[in-house]
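Asks: Sharing a structure with you now.
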Amino acid sequence: MKKLILMLAAIAIVSFSNAQKMKEADVPAAVKESFAKEHPGVTPKWSKEKNGDFEAGWKDKNGEASVTFNPSGRTIEHEMAIAVADLPKGISDYFAKNNPGAKIKEASVIIDVTGKKTYEAEVKDLDYIFDEKGSFIKTEKD
């Protein structure tokens, strides 16, 4: 349990460090309205992504979560922290073959507006992105 809490805290730090933190007053009304409809009663921390999108992050009984919106308030994706053990088996197979001894620091599942799932596994300063079956897609600089 202690490891899970530390993992979730680390995800929050990383998630918010990749974007510019901002005051709620600076978030477009359409974005705030969309968030309120999707997540009534939740008070998020807002940030602006490098590409101009807006991210609302929060912690609830299920752990760390975030949702990203475009400037007009359209939902782009939801991201939820998961335990490393909950990643698809193909991901551990990938690391065993391509990066033996790699330690996954954090894991999350990302669901876009079409329902497509991808998984993110953070190792050192890279995010490894995998499809729903655990097949490697790409890396992104954290």
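Asks: Quick one: what pairs do we get from the range 65-84, first residue without any contact (Cβ under 8 Å) to a residue 40 or more places away in the chain, second crowded, with 17+ Cβ neighbours inside 10 Å and part of a loop (DSSP other than H, G, I, E, B), C-beta under 7 Å, 6+ apart or different chains?
Replies: Correct list of pairs: THR68/ASP53; PHE69/ASP53; ASN70/ASP53; ILE76/ASP53; ILE76/ASN70.
Asks: Can you tell me which residue within the range 99-121, out of those that are under 16 Å from PHE136 (Cα atoms) and among the basic types (Lys, Arg), is least open to solvent (accessible area, probe 1.4 Å)?
Replies: Here the answer is LYS117.
Asks: Name, by its number, the condition in (1) modelled with pLDDT of 95 or more; (2) in a loop (DSSP other than H, G, I, E, B) that does not hold for ILE137.
Replies: (2)
Asks: Identify, please: which residue in the range 36-67 is of a type in the set (D, E, K, R) and in a loop (DSSP other than H, G, I, E, B) and is, among those, modelled with the lowest pLDDT?
Replies: Going through the range 36-67, the residues of a type in the set (D, E, K, R) turn out to be 37-38, 45, 48-50, 53, 55, 59-61, 64.
Next cut, in a loop (DSSP other than H, G, I, E, B) only: 49-50, 53, 61.
Numbers: GLU49: 93, LYS50: 90, ASP53: 97, LYS61: 85.
Taking the candidates together, the pick is LYS61.
Asks: Is there any pair with a first residue in the range 101-112 that is in contact (Cβ under 8 Å) with a residue 40 or more places away in the chain and hydrophobic (A, V, I, L, M, F, W, C) and a second that is in a strand (DSSP E or B) and open to solvent by less than 50 Å² (accessible area, probe 1.4 Å) whose Cβ atoms are under 6 Å apart and which are 6 or more apart or on different chains, and what are they?
Replies: The qualifying pairs are ALA107/ILE82; ALA107/ALA121.
Asks: What's the number of the condition PHE16 fails, among (1) at pLDDT 95 or above; (2) part of a helix (DSSP H, G or I); (3) surrounded by 14 or more Cβ atoms within 10 Å (Cβ to Cβ)?
Replies: Only one criterion is unmet by PHE16, namely (1).
Asks: Among the residues of the range 91-99, is there at least one that is over 22 Å from TRP58 (Cα atoms), touching a Lys or Arg at 6+ places or on another chain (Cβ under 8 Å) and not in a strand (DSSP E or B)?
Replies: Applying the first criterion (over 22 Å from TRP58 (Cα atoms)) to the range 91-99 yields 91-99.
Subset that is touching a Lys or Arg at 6+ places or on another chain (Cβ under 8 Å): none.
There is no residue in the range 91-99 that is over 22 Å from TRP58 (Cα atoms), touching a Lys or Arg at 6+ places or on another chain (Cβ under 8 Å) and not in a strand (DSSP E or B).
The values are calculated or read from the model by the stated rules, or taken from the named source; none is laboratory data. These numbers were taken from a predicted model, which means no experiment stands behind them. All Cβ positions, even for glycine, are placed from backbone atoms using ideal geometry, and neighbour counts span all protein chains on display. We work out accessible area using only protein heavy atoms, side chains counted, and drop any ligands, DNA or RNA first. Shrake-Rupley method; radii C 1.70, N 1.55, O 1.52, S 1.80 Å.
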